[in-house]
Amino acid sequence: MPPSRLYAFIAVVLITVVAGAASLVNPYWLILAVITAGLSAVGIYDLLQTHHSLRRNYPILAHFRAFFEMIRPEIRQYLLESDSDAIPFSRAQRSLVYQRAKNVEDKRPFGTELDVYGSGYEWINHSMRPVKLADTDFRIRIGGKDCTQPYESSVLNISAMSFGALSANAIRALNTGAKLGGFAHDTGEGSISRYHRENGGDLIWELGSGYFGCRTDDGHFDPDKFAAQARSPQIKMVELKLSQGAKPGHGGVLPGAKVTPEIAEARGVPLGVDCVSPAQHSAFSTPLEMMQFIARMRELSGGKPAGFKFALGHPWEFFGICKAMLESGILPDFIVVDGGEGGTGAAPLEFTDHIGTPLQEALLLVHNTLVGLNLRDKIRLGASGKVISAFDLARTLAMGADWCNAARGFMFALGCVQSQSCHTDRCPTGVATQDPRRQRSLVVEDKSQRVFHFHRNTLHALGELVGAAGLQHPADLKPRHIVRRVSGSEIRLLSNLYKFLKPGELLTNPAAHVVYETYWAQSSSRSFDMQ
């Protein structure tokens, strides 16, 4: 518990004692003694219970927040914003996660609060022949022709969040929840910490430009260290990170004062020395070299699925990667598309607001390009970017993804209240802090169950959506199943709203779409630069 809150609690106890003693002289003091004794009892209970992080960190005071939350609908109705105002996630979105994580009723009476006639409203058309799906543990196989250890992945996994950005207890709870639910936990570029390993949940090892966990003393890639870690049975896939949606094209520095012994151990960096993540990789400099590096990662890992994650920027750079695939015959087993709406506690405001292609447009371009090159059936696509609800999953899968990753959704499942203090080390719920007093409030046994329930209940809801559309699996979702209101009087299927290429179309007609007509000829497998 933060010291200031501890002092406040001690003050309440002392007032109780003093008022109790004073009541022996003047009985009116007994009123104050009874009130403060009640508050003291509440505070002691808050400290001892294990279900609510805020109450463990902020005994007594957290109840005032709960009170205002309870009366908030009336206040909001007349004075404040609606449930659907996303800042960056709406109250309705957060409440949905909390309810599913706690495994309680998530129904909403009295109809939708969304403006169904407003521009941008989306829905799934249902079938007159709906299907009841008995099993909603939806999975897809990841692994191409050169992969000898394919992975049966859930269609919803935990997106990349490093130890250091998240607390030790948050990592423990996420990985334990992943173990319980049989889904994957991406390590983030901060490498594999001891807390990732404790409970044995499936891991996707993300390798960033700092090569943490497999680097030489001067910060370059060390193949022997990589192989030693990547061949661990707990590692199911290896992922090369080119960029992330929250701050694409931006490196990072963890000041030496924050490089604790645990972080130094996980990342393989000196204790107390600035830990640098360069903006670009040193292991390759062209698309062809990048494909060769991915093939090397797959070989060193013992044949596990190897792929890359990126936030779409210049389209000609991705086209160059695709040309390198065609020329070399080397294919990644998967690509993860990270939308520009991604979040982090360490991004400059301009990057958060104005850098990176939003997920839907980025995913469409990647999916379309692979289809147009006859590569889509050989490469799996993951997607991440504000995925919270089953409908978010359904829409993203219909746009071309095979599975989705979620970061902030699982943070909400851990108890995050969107205080937006991730960068201050003063997270009130112990999720995004290295302060041992604050992260003590996050009880792993309780929060791991919430992670598990959020995943399970979200997939159950996805199964109900898929069944209502008359389908058997989320993989059956296509753009024609999603409808969007473009304006007050116009609606379109996604299949009509966006242009989707036919298999092989880009091979026969490089001008199949304006973006290819403009940039395809200017891309090269031998350089990321425009030609």
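Quick one: what are the phi-derived ³J(HN,Hα) couplings along region 497-502, Karplus 6.51/-1.76/1.60 with θ = phi - 60°, whole Hz, x for glycine and proline?
For region 497-502, the Karplus-derived couplings read 6, 10, 8, 10, 6, 8 Hz, x marking Gly and Pro.
Can you compute the label reach from ALA475? Point 7 Å from Cα along the Cβ direction, backbone N cut-off under 19 Å, restricted to region 388-406.
Residues 393-405 qualify, since their backbone N sits under 19 Å from the label point.
Fully extended, how many nm does the chain gain between ARG440 and VAL17 (0.36 nm per residue separation, minus their Cα-Cα distance)?
Computed gain between ARG440 and VAL17 is 149.4 nm.
Obtain the nm distance between the two label points defined at THR148 and GLN531 by a simple spin-label model: each point lies 7 Å from its Cα along the Cα-to-C-beta direction.
3.5
Put a dot 7 Å past each Cα toward the Cβ at PHE110 and LYS225; how far apart are the dots in nm?
Label at LYS225, label at PHE110, 5.8 nm between them.
Within the chain, what percent of beta bridges assigned by DSSP are antiparallel, to the nearest 5?
35
Give me, ordered by chain and number, the residues 5 or more places off SER277 or on other chains with an amide H under 5 Å from its own placed amide H.
GLY252, VAL253, LEU254
Pop the C-beta distance of SER119 and GLN292 into the FRET formula with R0 = 56 Å and round what comes out to the nearest 0.05.
Values: r = 46 Å, r/R0 = 0.82.
Efficiency, rounded to the nearest 0.05: 0.75.
Once fully extended, how much extra length lies between ALA41 and ASP353, figured as 0.36 nm per residue of separation less the alpha-carbon to alpha-carbon distance?
Result for the pair: 107.8 nm of gain on full extension.
Helix hunt in the chain: which complete DSSP H runs extend at least 18 Å axially by C-alpha with mean Kyte-Doolittle at least 0.5? Walk me through the numbers on the way to the answer.
Details: long enough: 3-22 (28 Å, 1.79); 29-48 (29 Å, 1.91); 61-78 (26 Å, -0.19); 168-181 (20 Å, 0.17); 287-300 (20 Å, 0.09); 315-328 (20 Å, 0.39); 359-372 (19 Å, 1.03); 444-468 (36 Å, -0.36).
Qualifying helices: 3-22, 29-48, 359-372.
Relative to a virtual label point 7 Å from the Cα of ASN374 in the Cα→beta-carbon direction, which members of region 490-531 show backbone nitrogen distances below 13 Å?
In region 490-531, the label zone of ASN374 (backbone N under 13 Å from the point 7 Å along Cα→Cβ) covers 503-509.
Could you pull out every residue, at least 5 positions away or on a different chain, whose amide H is within less than 5 Å of the one on ARG380? Hs are placed 1.01 Å off N in the peptide plane, and Pro or chain starts have none.
Correct list: GLY143, PHE334, ILE335.
Using amide H atoms built 1.01 Å from N in the peptide plane, name the residues 5+ places from ILE491, or on other chains, whose amide H lies under 5 Å from its own.
Close amide H contacts, sequence-distant or interchain: VAL486.
Starting from 0.36 nm per residue, how many nanometres of slack lie between ARG197 and HIS460 once their C-alpha separation is accounted for?
91.9 nm
What list of ³J(HN,Hα) values in whole Hz, one per residue of region 232-242 in order, does the Karplus curve 6.51 cos²θ - 1.76 cosθ + 1.60 (θ = phi - 60°) give from phi, with Gly and Pro shown as x?
4, x, 6, 7, 9, 8, 10, 10, 8, 9, 8
Could I have the simple spin-label model distance between HIS51 and ASP135, label points 7 Å from Cα toward Cβ, reported in nm to one decimal?
Computed distance between label sites HIS51 and ASP135 equals 3.4 nm.
Values in this text are rule-based calculations from the coordinates and carry no lab data. In this text the structure is predicted, and so the values were computed from the model without any measurement. With ideal geometry, Cβ positions are generated from the backbone for all residues, glycine too; neighbour counts draw on all protein chains shown.
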